[in-house]
Amino acid sequence: MTTVFYWIIGFIGLAIIFIWSMYNNLVTLKMRVKEAWSGIDVQLKRRTDLIPNLVETVKGYAKHEKSVFENVTKARSALMSAKTPAAAAEANGMLVSALKSLFAVAEAYPELKASVNFKDLQRQLEDTEDKVSYARQFYNQTVLDYNTKTKLFPQNIMASMFNFKEEEFFEATDEDRKNVKVSFT
């Protein structure tokens, strides 16, 4: 009788450890998703901080391009206020499009293209775009790992019991998928 009791207690103990381990694993993955999103957010913030300087530099040379500056400002505001990956991806696409227009305006002003300040801002923006791309890749890989874990048995049971919901990917917009060629030399 006592041997059966110890087996039952041992089995219950192992089940508790197993459930605890699965739960902690899901929490860890969820926190990694949040951390990965934070990485994207930091780079998008860096880019939105660069844009006013870029706009002011171009404004000095192309004062009559008001609609271009307004579009960049609207897109920047939309990106800054985006709360979800889907909203950020959409706002990011708007900003990419607006920046293409801004750079197209800059092409018409050789003295602007030669400006050291403009070249430095353009280099910083390019560097930030690379960082956004890497942060997006890391985020999407982390989301893939998390979403996969929440769909696999037996973690899917634990995920549904404790309300671990599927996370959104940070997907490229149609605008992001277009080839871009910007040359300042």
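The tail of the calculated P(r) for the chain, taken as Cα-Cα distances beyond 21 Å, holds 60 percent of the pairs.
Quick check on my link table: of Lys74/Lys165; Lys30/Lys151; Lys83/Lys113; Lys63/Lys131; Lys66/Lys131; Lys34/Lys165, which ones sit more than 24 Å apart, alpha carbon to alpha carbon? Provide the component values of the computation, followed by the final result.
Numbers: Lys74/Lys165 32 Å; Lys30/Lys151 14 Å; Lys83/Lys113 35 Å; Lys63/Lys131 31 Å; Lys66/Lys131 29 Å; Lys34/Lys165 13 Å.
Pairs exceeding the cut-off: Lys74/Lys165; Lys83/Lys113; Lys63/Lys131; Lys66/Lys131.
Neighbour counts of other Cβ atoms within 10 Å put Phe169, Phe118 in the fewest-to-most order Phe169, Phe118.
Using the 10 angstrom Cβ neighbour count as an exposure proxy, how do Lys34, Lys149, Lys119 rank, fewest first? Don't skip to the end; give the middle numbers.
Details: Lys34 12, Lys149 19, Lys119 15.
With the sparsest Cβ surroundings first, the list reads Lys34, Lys119, Lys149.
As a test of the formula, what do you get for the chain when each DSSP H run with n ≥ 4 contributes -39,500 (n - 2.57) and the sum is divided by the residue count, at 222 nm and rounded to the nearest 500 deg cm²/dmol? After summing the helix terms and dividing by the residues of the chain, the value is -28000 deg cm²/dmol.
Helix 85-107 and the long axis of the chain differ in direction by around 20°, with both axes built from C-alpha atoms. Across the range 46-61, computed HN-Hα scalar couplings (Karplus, 6.51 cos²θ - 1.76 cosθ + 1.60, θ = phi - 60°) run 4, 5, 5, 6, 6, 4, x, 5, 5, 4, 5, 5, 5, 4, x, 9 Hz from first to last residue, x flagging Gly and Pro. Note on Leu121, Leu152: ascending count of other Cβ atoms within 10 Å places them as Leu152, Leu121, the fewest first. Normalised by residue count, the range 112-177 yields a Cα convex hull volume of 100 Å³ per residue.
Placing unit charges on the Cβ atoms of the charged side chains and taking the dipole of the range 31-164 about its Cα centre, the candidate lying farthest along the positive direction among Pro154, Asn92, Val105 is Pro154.
Values in this text are rule-based calculations from the coordinates and carry no lab data. It should be emphasised that the depicted structure is a prediction, and the values quoted were computed from it without experimental measurement. Every residue, glycine as well, gets a Cβ built from its backbone with ideal geometry; the counts of neighbours run over all protein chains shown.
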